[in-house]
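As C-alpha cells, the structure follows; a few thoughts come after it.
Read the figures in this text as sums done on the coordinates, not as results from a lab. None of the values given here were measured: they were computed from a predicted structure. Virtual Cβ from ideal backbone geometry, glycine too; neighbours counted across all protein chains shown.
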C-alpha cells in the first residue's frame with residue numbers, strides 16, 4: 001500500500017505546482033490562503049483512495065489528537081443527518097486552517113484555481129470568490145496541464161479500485177455506533193476521519 005501513497009503524493013505535487021503557477025498568474029484574484037474556508041462547508045464526496053489516505057493519516061496522530069478529530073467527525077455526521085445542510089468540515093481548525101492538510105483530498109487541493117475536466121470539457125469550475133461566471137481564462141498551459149493531472153488521477157483511482165478484491169472495504173462508524181462500508185461511490189472526509197480500516201497493512 002506504500003506504493004499508493006507515493007503515487008498519490010506524486011500527483012498532489014503536480015497539483016501544487018499547477019496551483020502555484022495559477023497563484024503567480026492571477027495574483028490577488030485568487031484568495032485561497034490560511035483563514036479562507038468558504039469551500040470547507042460544502043457537501044461533497046471523496047474517492048476511496050482519498051478516504052484511505054485520510055484514515056492512514058489519522059491512525060498516525062497522537063492518541064489525544066486522533067480522538068478529538070474522530071469525535072468532531074462523529075458529531076458532524078450526526079448533525080448533517082439532521083440538518084442536511086453544509087457544516088464546517090470536522091478537519092477545520094480554530095483559525096480556519098486544515099488540520100489534515102498533508103492528507104487532504106485531491107478536490108480540496110485543486111479547488112480555488114480554475115479546474116478543467118478533460119471528460120467534461122465544456123465547463124470550467126472555480127471558486128466563486130476568485131472567478132465570476134464569464135471570466136475569461138487566457139492560459140496556453142491550462143488545458144494540457146490540467147488534462148495531465150486529471151488523467152493521472154483517474155488512472156490511479158482505477159488502479160486502487162481494481163485492488164479492491166484484496167483490499168478490505170473501509171469500515172466507518174455510523175450513527176449509534178453502527179458500521180457502514182465505503183462503496184464504489186466513495187466516502188466523505190468526516191466518514192474517513194471517524195472510521196477505521198479493517199485488515200489493511202498498518
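A few notes on this one:
- Mean separation of Cα contacts under 8 Å, 6 or more apart, over the residue count of segment 2-197: relative contact order %: 35
- Net length available on complete extension from residue 33 to residue 6 is 7.2 nm, with 0.36 nm assigned per residue and the Cα-Cα distance removed.
- Alpha-carbon centroid distance for the pair segment 136-156 / segment 56-126, whole angstrom: 23
- A simple packing score, the average count of other Cβ atoms within 10 Å per residue, orders the peptides 148-159, 124-135 as 148-159, 124-135, with the highest score first.
- Stretching residue 81 away from residue 148 to a fully extended chain increases their span by 20.4 nm, per 0.36 nm per residue minus the current alpha-carbon distance.
- The length gained by stretching the chain between residue 45 and residue 96 to full extension, at 0.36 nm per residue less their Cα-Cα distance, is 16.3 nm.
- Only alpha carbons enter this Debye calculation for segment 2-197, each as an equal point scatterer, and the log10 of I(q)/I(0) it gives at q = 0.11 Å⁻¹ is -0.54.
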